[in-house]
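Everything on this sheet refers to the single structure shown next.
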Amino acid sequence: MQPSVARTAFFAKLPLMPDKQDLEERTLLEWEAPERLYVKRGKTYFKNLFTLLGVLAAVAIFFKEFLLAGVLASFGFLQWVLSAHPPRIGHHVITNRGIRTHGHDYPWEELKEFWFAEHAGQMILHVDTKTAYPGRLYLVLGKVGKEEITDVLRNYLPHQLQAKEDLMEKISVEVSRRFPLE
């Protein structure tokens with residue numbers, strides 16, 4: 001084999017340099033929306049919640065499960081705090097490199113798929129990640145349209161038409177349907 005042919009074959013296998021446009025980060029879509037879901041709860045909700053948690057905590061204490069009683073009390077306090085204070089407005093950005101939200105960058109290589117679901121009357125964008133934490137990003141859409149986000153994300157991630165529910169989500173939906181607190 002001639003040296004010039006071998007050299008040409010070697011350089012033919014090398015990847016081409018990416019375009020300068022690909023190296024620069026471009027904003028494809030950005031919007032502002034609340035950082036989390038917010039549902040204003042009434043006195044009846046908290047009365048029922050604390051009664052239920054009090055009974056469960058009393059049973060836990062009866063069986064000397066003090067840690068479980070503490071977890072139940074913490075859960076009640078967390079529910080009260082999240083309902084008493086409305087969320088801040090967050091800034092979400094989708095770029096050609098990934099998603100930037102809540103002060104973190106999530107490159108496309110770390111993301112798996114996306115879909116939309118409605119919770120408490122608000123549309124939520126769900127994005128699964130390949131990492132254990134966070135396993136899923138939840139972005140409230142606010143005033144931006146579902147179609148607008150789908151058009152941008154479809155170029156980078158697969159779109160699931162139906163929401164993926166894991167076991168815990170199925171259990172929580174069923175419990176809240178059978179035991180409404182309001």
Task: Two-site FRET efficiency, D166 against I61, from Cβ-Cβ distance with R₀ of 30 Å, rounded to 0.05 - done: 0.45
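List the residue ranges in the chain for DSSP H helices whose C-alpha atoms run 15 angstrom or more along the long axis and whose Kyte-Doolittle average is 1.0 or above.
Sorted by number, the helices that extend far enough and score high enough are 43-62, 66-84.
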Open item on the list: Checking the cross-link filter: which aspartates and glutamates have an alpha carbon closer than 12 Å to that of K43, excluding same-chain neighbours under 8 positions apart?
Closed with: E182
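Can you tell me what share of the DSSP beta bridges in the chain is antiparallel? A percent to the nearest 5 is fine. Please list the in-between numbers first.
Numbers: 26 of 27 bridges.
Counting only bridges with both partners in the chain, antiparallel ones make up about 95 percent.
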Open item on the list: Tell me the net charge near W115. Cut-off is 9 Å between Cβ atoms, W115 excluded, with +1 for each Lys or Arg and -1 for each Asp or Glu.
Closed with: -1
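Taking the Cβ of each residue in M123, M168 as the centre, tally the other Cβ atoms inside 10 Å and list the residues starting with the fewest.
Working: M123 17, M168 8.
Sorted ascending by nearby Cβ count, the order is M168, M123.
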Task: Separation of the V152 and Y133 label points, Cα + 7 Å toward Cβ, nm - done: 2.8 nm
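Rounded to the nearest 0.05, what FRET efficiency is calculated for T51 and E24 with R0 set to 45 Å and r the Cβ-Cβ distance? Display every interim value, and only then the final one.
Working: r = 58 Å, r/R0 = 1.28.
So, using R0 = 45 Å, E works out to roughly 0.20.
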- [ ] For region 51-112 and region 26-50, write down the distance between their C-alpha centroids in whole Å.
- [x] 12 Å
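The numbers here are math on the coordinates, done by the rules we state, and not lab data. If you're wondering where the values come from, they're calculated on a predicted model, not measured in any experiment. We place every Cβ from the backbone using ideal geometry, glycine too, and count neighbours over all the protein chains shown.
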